Number of protein chains: 2
Amino acid sequence: MSLPTLNERAQHLLKALVERYISEGVPVGSRTLSQATPFSLSPATIRNVMADLEELGLIHSPHTSAGRVPTIQGYRLFINQLLTMRNLESSQVDVISGELRQASGSRQQLIETASQMLSHLTRFTGLVTLPRREHARLRQIEFIPLSGSRVLAILVMDDGEVQNRVLTVARAYSHSELRQFGALLSERLAGQEASRVRETLLAEMDTVRSDLNALMREAIMLTEQALVEAPAVPDLVISGQSNLVGLQDISNIARMKRLFEAFETKRDILHLLDQSQRADGVQIFIGGESGYDPLEECSLVTAPYREQGRVVGYLGIIGPTRMHYDQVIPLVDITARLLGAALNPADEPQY
Amino acid sequence: MSLPTLNERAQHLLKALVERYISEGVPVGSRTLSQATPFSLSPATIRNVMADLEELGLIHSPHTSAGRVPTIQGYRLFINQLLTMRNLESSQVDVISGELRQASGSRQQLIETASQMLSHLTRFTGLVTLPRREHARLRQIEFIPLSGSRVLAILVMDDGEVQNRVLTVARAYSHSELRQFGALLSERLAGQEASRVRETLLAEMDTVRSDLNALMREAIMLTEQALVEAPAVPDLVISGQSNLVGLQDISNIARMKRLFEAFETKRDILHLLDQSQRADGVQIFIGGESGYDPLEECSLVTAPYREQGRVVGYLGIIGPTRMHYDQVIPLVDITARLLGAALNPADEPQY
DNA sequence: CTCTGGCACTCTCACACCCCGAGTGCCAAG
DNA sequence: CTTGGCACTCGGGGTGTGAGAGTGCCAGAG
């Protein structure tokens, strides 16, 4: 899968060909290319070069008398080595940061806005994963009695995120009992990362066992229960699916159906985004490169976004493989940065 | 827009024609119809009747030498007067009630499951609105201090629903102050419908003013604030959108695009569902009857669902106008009933 | 060795054409 | 009122053809 190395002329021609194909959507022939390149080569010469490129698997012609079209490897080489990014218009940046600022009240809305921005500005489908919460720190825990033997546990996170869980417990607790539990636990657990809380709890259990402090044990079991129940929030926000309907590149109806099924499942796409961990900046899956069938003929452009220096989620777009990477890549990149900034207000914690 | 009355023979033929068209998807000719009907009439006779039906606007032929196809009015008459429902297979009912029982832990999940059931069983797109909460009664109110001048208000509803709002307040309150507010207000407001709470609060304000009870006034203002902030939950759950991709009836790509845009907007569809209030049972919008353009060529089959005797939401499906109404209608109906039942466990309130 | 013009070849696309089958409308007779 | 007959219409599918675009290859020039 390693990319071949090309001489300068071949590079130039490949670049011109891909750019032309991206903007026109029609196979590119030797004559067209000879006009569009400063080398001033005759079509015949260009044909020779193209034959080489075809042999290398970078381009391919749909049929004998059509021009050439980039293959996936052609796109790959183009993106890795030949692509010159286009500067974003500052107005676009303003739009994104403006919208994000406006939505900065709630995390959920921030994520949704980012997704919408991506889809509006690219005219493709925007994706944003919810930020992973595992590094969030607990601020406090409260328990409130509900009817019968049900208890409402409220976990307040450092960043203002609030989670509710309804627990079923062995016996009814009074309001004041529960308040005590909460105070006790908040004191011990505040400032801990949620992912570590369980360990702490288990350790605590041991010391408590010797003390035979029944109250404390109950409280721990309640918290334990509350942490186990995973909240059922949607973990991927998708916007602008309809933008992909009717694109000439995805004209095959069966393929489109599979694509939309993938959007509904979410799981596989989420998995794909999670896999792109290694990259620090923008990462791109071209066509079937992801190994995920429904994305055939599509490309995925993603970038991680950060909160307090840590990567907490990914965002990106799905569009046809034939897209203006030179514009989309900077856009995804900047959106990731701006979302990160919006999640980390410099002045104060989120709430 | 009133429907014409037909003699028995015409009714019979129209019914046969619509049924045939629904199951085959091909315009129905006079010969086909003469074989499929017990009257044993010659094609020529049937042609005469069909000419009448066409004149009445109930059927129409796509072109000279094609058979006939029902018009919207034809479908309407068919559904209102001629349709004989098909009994659901009991296995389907079992599936629905089984899945709903399994999801009965959380309201959100119940709604999503219902939507999925609708889409799976019809192979079309399922819709369920979230239950309106306006008749929910408050059980209790709690306030928890966050950092600085932020306060977390927690509203616990009678049915176990919990809502959080983060409030920004003028000054910082201590934990115990807030607990007092909560206790005070819970006492006064518990058992009231959320929609009426504001009135009560305003009234309370007056009495309090004379008492000059500052604490209480603060508490009221907090609650007021908490109630005003609307929670931003998605209010319509859509499942199985991809089922509509590739149906021959919606082959027009531009139309499909508009349909999917409608799914993304949600708002208009939600509005449409809300409009179907008057109906007690299943209601049907055929094609453009809804007055909503993107649903051209589609039909909407909806039914209200109830909680404690009150209609709190709507569910239904969107599919091609050419659908098996005799199966879909009972299915939507029973799903609404079962969802209602799942929301109203006989033994105890939801939590 | 590289580049170029020329030439024969291939393939798609659009258009025209035609025929077949299905279904109709109408009429006249039962 | 029903029916058989008949002429008519229309869309779909298959075929044919010509134009256009582009290629591959070859031979000659630099």
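The values are calculated or read from the model by the stated rules, or taken from the named source; none is laboratory data. Just so it is clear, the model here is predicted, and its values are computed rather than measured. Positions of Cβ are backbone-derived with ideal geometry, glycine not excepted, and every protein chain shown enters the neighbour counts.
So the values come out like this:
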quantity: Pair list, Cβ < 7 Å and 6+ apart or interchain, from region B:214-241 residues that are on the phi > 0 side of the Ramachandran plot to residues that are modelled with pLDDT of 70 or more and polar (S, T, N, Q); calculated: B:G240/B:S119; B:G240/B:T125
quantity: Filter result for B:A183 (over 30 Å from B:I269 (Cβ atoms), surrounded by fewer than 18 Cβ atoms within 10 Å (Cβ to Cβ), among the aliphatic types (A, V, I, L, M) and within 9 Å of chain A (Cβ to nearest Cβ)); calculated: yes
quantity: Qualifying positions in region A:169-189 - touching a strand residue (DSSP E or B) at 6+ places or on another chain (Cβ under 8 Å) and more than 19 Å from B:L155 (Cα to Cα); calculated: A:V169, A:A172, A:Y173, A:F181, A:L185, A:S186, A:L189
quantity: Options B:A16, B:A44, B:A66: the member that is within 10 Å of DNA strand C (Cβ to nearest atom), of a type outside the set (S, T, Y) and free of Cβ contacts under 8 Å to residues at least 24 places away in the same chain; calculated: B:A44
quantity: Leading residue by the ranking (nearest to the chain's Cα centre (by Cα)) among those in region A:144-158 that are under 16 Å from B:M157 (Cβ atoms) and at the interface with chain B (Cβ under 7 Å from one of its Cβ atoms); calculated: A:I154
quantity: Residue in region B:30-39 that is within 11 Å of DNA strand D (Cβ to nearest atom), outside any loop (DSSP other than H, G, I, E, B) and in contact with a Lys or Arg (Cβ under 9 Å, 6 or more places away or on another chain) present; calculated: yes
quantity: Residue count for region A:196-226, restricted to those that are at pLDDT 70 or above, among the polar types (S, T, N, Q) and surrounded by 14 or more Cβ atoms within 10 Å (Cβ to Cβ); calculated: 3
quantity: Test result for B:S23, more than 10 Å from DNA strand D (Cβ to nearest atom) and out of contact with any Pro (no Cβ under 9 Å at 6 or more places or on another chain); calculated: yes
quantity: Residue list for region A:76-110, restricted to those being outside any helix (DSSP H, G or I), within 14 Å of chain B (Cβ to nearest Cβ) and in contact with a helix residue (DSSP H, G or I) (Cβ under 6 Å, 6 or more places away or on another chain); calculated: A:A103, A:S104
quantity: Given (1) away from chain B (no Cβ under 14 Å); (2) farther than 16 Å from B:S242 by Cβ; (3) in contact (Cβ under 8 Å) with a residue 40 or more places away in the chain; (4) buried (at least 20 other Cβ atoms within 10 Å of the Cβ), number of the condition A:R310 does not satisfy; calculated: (4)
quantity: Flag if A:L53 is within 16 Å of DNA strand D (Cβ to nearest atom), surrounded by 13 or more Cβ atoms within 10 Å (Cβ to Cβ) and modelled with pLDDT of 95 or more; calculated: yes
quantity: Yes/no for B:R86 being among the charged types (D, E, K, R), surrounded by 14 or more Cβ atoms within 10 Å (Cβ to Cβ) and within 15 Å of DNA strand D (Cβ to nearest atom); calculated: no
quantity: Selection count where residues are assigned to a helix (DSSP H, G or I) and not polar (S, T, N, Q), scope region A:113-127; calculated: 5
quantity: Failed item in (1) in contact with a Gly (Cβ under 8 Å, 6 or more places away or on another chain); (2) touching a residue at least 40 places away in the same chain (Cβ under 8 Å), with B:L82 passing the rest; calculated: (1)
